[in-house]
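One structure below.
The values are calculated or read from the model by the stated rules, or taken from the named source; none is laboratory data. None of the values given here were measured: they were computed from a predicted structure. Here Cβ is always computed from backbone atoms with ideal geometry, including for glycine, and neighbour counts include all displayed protein chains.
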Amino acid sequence: MNFTLHIWRQKNTNSTGEFVTYSVNDIDSDTSFLEMLDQLNEDLIDKGEDCVVFDYDCREGICGTCSLVINGHPHGEKKATTTCQLYMRDYAEQPELWIEPWRAKSFPIVKDLAVKRDAFDRIIQSGGFISTSVGSAPEANSQLVNKDDADCAFDSAICIGCGACVAVCPNASASLFVAAKINHFERLPQGKIESGKRAERMINQMEQEGFGSCSNHRHCETVCPKEISVSNIAAMNKIL
Amino acid sequence: MHKLNSNVPTGPLENRWEKHKFDLALIAPQNRKKYNIIVIGTGLAGASLCATLGEAGYNVQSFCYNDSPRRAHSIAAQGGVNASKNYQNDGDSTWRLFYDTIKGGDFRARESNIYRLAQLSCNIIDQAVSQGVPFAREYSGYLANRSFGGTQVSRTFYARGQTGQQLLLGAYSSMSKEIASGRVSHKSRCEMLELIIIEGRARGIVVRDLVTGEISSHLADCVVMCTGGYSNAYYLSTNAKGCNTSATWRAHKNGAYFANPSFTQIHPTCVPPTGDSQSKLTLMSESLRNDGRIWAPKKIEDCDKNPNDIADEDRDYFLERMYPAFANLVPRDIASRALKGICDEGRGVGSVVNNQRLGVYLDFSSVIQKMGSDKVKEKYGNLFDMYQSITGENPYEVPMKIYPAPHYTMGGLWVDYNLMTTIDGLFACGEANFSDHGANRLGASALMQGLADGYFVAPQTVANYLAKGKFEEITHDHPEVVSTLESVKNRIESLMNAPDPKHSPDYFHRKIGSILWTSCGMARDKESLKEAIKSIEQIKTDFWNNIKVTGTDKDFNQTLEKAGRVADFIELGHLMCVDALDREESCGAHARLEYLAESGDAMRDDENFGYVAAWEFNENNPTLHKEDLNFEFIKPTYRDYK
């Protein structure tokens, strides 16, 4: 397969970027999307050019590092999938691809397709934890947890912190990310005690970081690679 | 020369850690803020250590190469974490977990360390639950367990197939709490490139800011490496792309001994490679072997047929044939070797890579027939979906294909009972050290070790080291700091400006990977190891002459990052082969063809090789130091899975 790629190139946060067009040829259908970009970068090295920077690490859909908008869709069109889990066979009908970074004021572009997501770390630091210290934990089975609650907590806890929810949101809101963490702890007896304060602090931090508010577009739920439900946002609003 | 002293306490095994803790020196709470500790890496070991040291009141500086500490590769662990809680009343105990781990490691690890690990396993579960890790539960509200990795008891705690993710996010949240408190400072997108040693003690590191390219020195009273394993030496592995040996290899070149580098685990159930563009391999949970039957065609001419058209009598269910008692459930190393053997005979299936078909079938048709596809879906649905998304094939209709892949490295920096390397003030935790898994790691014990080291062991032993020493203040203009910075800059200079730049870092990475995979992978022998050592020496020369890095070193340059890491993998690969050549026995994952029984079982030689091989750096001619393993409590036996 052959592809024409329009890739966003931007030297650093302060410079202006632009789309640059490349072509890649003889791509095998079993090649992953990121491996296709690897191949492009090998060609660029051959030509003596600077490679396209893009974020990746585990390449199995769990670390949350990869972050590309492909033909307008964060993590591509395929549902419940991270960018690293896309394969070129899915693009047999789309020989022309537009590849961009996450676009949000709170995620400044670092270079080319890579963005800075420290804002998410600071939101967690503001309250996304249970205030326990090592050594003080009681015997694990001394506090029982209803199975349904544990399962719901898990469904919220699987967020990988990729930021696709922000990238797709017209308001660049981080509500789904924040709500998933708040709801994860709210569902568990050991986390519930601090729920109110936690929610207040995390939401304040979200606002300080410049993320917008939720106005129920629900695009976040659609692009979330872990299919985290917007019902988390409703649950968060109840805690406040 | 450093004398190897494991500092293992004496007395009854059950009391050793308690006694040792009592003997360790303490630092009073009000004095702790005067001490500075550098922690590199934010996986389970690093994040849990940062959290614990921060809570205790120390000043901690943390670094990771990812864009957030939450992304370290511990996050990808699927199966679970072992603990000897004996909640299932099936006869488990600290002693049994200890025994299983030491036997699983084929008697190539220290009794005292493993016993401590088994003891601490229960505290890990308590700690994780209190942090809000959503482990699987029964309807009663109690924690659920499953049996994992061929053990006879159910001692594995799990959070669906994402236990590593949940444990890491737990440690990350505690670490975040300490960052907020100001006791831990953290820098993402930073890579450690050199260790600063002053008067024989580790006192700092040099890092490169991966975004700006800035090189800077960071000073402290001691340094802890929690930088993971080196499976990526093989190029293709189940590790994240960024996982590397650079921190541990820098430590090694500065005097830290590297122990058992050839002990690497190759996991049998991974999605096979499909072509030259492949960048990584994906692990499919081992649990699939509980219900799937593994087979290959009996006749070579059947290998490219549709598997559903191959009659049952033409299929070779080779694990069932070779190991009738354990059949498809034999341990990882034995299964991996058998799979490779079949493919080497030319009976592999799937895509042709380097003139060979690399894959065998993992077939669920009989269990689908027996249980119905709904039941199978309930049990394995997410794994089947993952397989289909990677391969484009539907495993409910066509058998899966699997092939082994490098997964975990038991070897690592040599550490004593205090997790300190042979450099004073340099500690290593988690997969970065060699300490607990011997020659083979059992399932669900990597998470256990990383967290035991980070939450419970290192915080005590690091404090002891600090309490016993005097640490004069060092400034950034100290001659050692200046010269270390200089050496890092020179190395980057050499990577950017090779005499005859021709090939990318990936080109060299693939080369070293393919040599290690062939000669130092699932099966090793004297001749091919000797050959490999020669080829690696040549690759090293070629690398420094021909490495081609485009762009500049003054900004975000992933090609430069890769080049530096590959340079270290090449040197480590050399040591892996030297170690594998020296160990003239088979044990655990180290299978020397000359020392395998006809059945394929490892023939251990306790008399001559019952030691930890700790290597001292010495350009192309490493020096071996032996730490003899004394088994006071358990009598080594032979693993027999017939």
Looking only at residues that are facing chain B (nearest Cβ under 10 Å) and of a type in the set (Phe, Trp, Tyr) in the range A:135-185, which one is surrounded by the fewest Cβ atoms within 10 Å (Cβ to Cβ)?
A:Phe154
Has the range A:9-29 got at least one residue that is surrounded by 15 or more Cβ atoms within 10 Å (Cβ to Cβ) and free of Cβ contacts under 8 Å to residues at least 60 places away in the same chain?
yes
Find the residue count for the range B:316-329, including only residues that are touching a residue at least 24 places away in the same chain (Cβ under 8 Å) and either assigned to a helix (DSSP H, G or I) or closer than 13 Å to B:Val349 by Cβ (or both).
7
Only one of B:Val133, B:Val206 that is in a strand (DSSP E or B) and either among the β-branched types (Val, Ile, Thr) or not assigned by TED's automatic domain parsing to the domain that holds B:Ala567 (or both)
B:Val206
Filter pass, B:Ala296 being in a strand (DSSP E or B), aliphatic (A, V, I, L, M) and buried (at least 23 other Cβ atoms within 10 Å of the Cβ):
yes
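Residue by residue, here is whether (1) buried (at least 24 other Cβ atoms within 10 Å of the Cβ); (2) touching a His at 6+ places or on another chain (Cβ under 7 Å); (3) more than 14 Å from chain A (Cβ to nearest Cβ) holds:
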residue: B:Glu178; (1), (2), (3): yes, no, no
residue: B:Arg203; (1), (2), (3): yes, no, yes
residue: B:Val206; (1), (2), (3): no, no, yes
residue: B:Val211; (1), (2), (3): no, no, no
residue: B:Glu214; (1), (2), (3): no, no, no
residue: B:Ala233; (1), (2), (3): yes, no, yes
Single residue of B:Asp553, B:Asp542, B:Asp582, B:Asp525 found to be surrounded by fewer than 20 Cβ atoms within 10 Å (Cβ to Cβ) and within 14 Å of chain A (Cβ to nearest Cβ)
B:Asp553
Pull up the range B:442-463, narrow it to residues that are assigned to a loop (DSSP other than H, G, I, E, B) and in contact with a helix residue (DSSP H, G or I) (Cβ under 7 Å, 6 or more places away or on another chain), then point me to the one that is farthest from B:Ala335 (Cα to Cα).
B:Ser445
Helices (runs of 4 or more DSSP H) contained in the range B:496-604 and holding at least 3 residues out of contact with any His (no Cβ under 8 Å at 6 or more places or on another chain) and of a type in the set (Ser, Thr, Tyr):
B:505-519, B:526-546
Please specify each residue of the range A:72-105 satisfying the condition of being touching a His at 6+ places or on another chain (Cβ under 7 Å) and within 10 Å of chain B (Cβ to nearest Cβ).
A:Thr81
Being within 14 Å of another protein chain (Cβ to nearest Cβ), part of a loop (DSSP other than H, G, I, E, B) and either in contact with a Pro (Cβ under 8 Å, 6 or more places away or on another chain) or buried (at least 24 other Cβ atoms within 10 Å of the Cβ) (or both) is the filter here, so list the residues in the range B:136-158 that pass it.
B:Asn145, B:Arg155
Filter the range B:426-464 down to the residues that are modelled with pLDDT of 95 or more, among the small types (Gly, Ala, Ser) and surrounded by fewer than 24 Cβ atoms within 10 Å (Cβ to Cβ) and list them by number.
B:Ala463
Counting only helices (runs of 4 or more DSSP H) wholly inside the range A:187-240, the ones holding at least 1 residues that are under 21 Å from the mean Cα position of the chain (by Cα) and surrounded by 19 or more Cβ atoms within 10 Å (Cβ to Cβ) are A:195-208, A:219-223, A:231-239
Got a sec? Which of A:Glu100, A:Glu93, A:Glu77 is charged (D, E, K, R), in contact (Cβ under 8 Å) with a residue 60 or more places away in the chain and over 24 Å from B:Asn232 (Cα atoms)?
A:Glu100
Residue ID - nearest to A:Asp38 (Cα to Cα), chosen from residues in the range A:95-146 that are under 16 Å from the mean Cα position of the chain (by Cα) and acidic (Asp, Glu):
A:Glu100
Checked the range A:45-71 for anything facing another protein chain (nearest Cβ under 7 Å) and free of Cβ contacts under 8 Å to residues at least 24 places away in the same chain; matches are A:Ile45, A:Gly48, A:Glu49, A:Asp50, A:Cys51, A:Asp57
Of all residues in the range B:418-436, which are within 23 Å of B:Phe471 (Cα to Cα) and either of a type in the set (Ser, Thr, Tyr) or part of a loop (DSSP other than H, G, I, E, B) (or both)?
B:Asn418, B:Leu419, B:Thr421, B:Thr422, B:Ile423, B:Gly425, B:Cys429
Answer with yes or no whether A:Ile62 is buried (at least 22 other Cβ atoms within 10 Å of the Cβ), of a type outside the set (Asp, Glu) and either in the same structural domain as A:Ile158 (by TED's automatic domain parsing) or touching a helix residue (DSSP H, G or I) at 6+ places or on another chain (Cβ under 8 Å) (or both).
yes
Odd one out for A:Ile123, checked against (1) at the interface with chain B (Cβ under 8 Å from one of its Cβ atoms); (2) within 17 Å of B:Ala171 (Cα to Cα):
(1)
Lone qualifier among A:Glu42, A:Glu60, A:Glu96, A:Glu35 - being farther than 21 Å from B:Gly275 by Cα and among the charged types (D, E, K, R)
A:Glu96
Identity of the residue in the range B:106-118, in contact with an Asp or Glu (Cβ under 8 Å, 6 or more places away or on another chain) and not charged (D, E, K, R), that ends up nearest to B:Leu168 (Cα to Cα):
B:Leu117
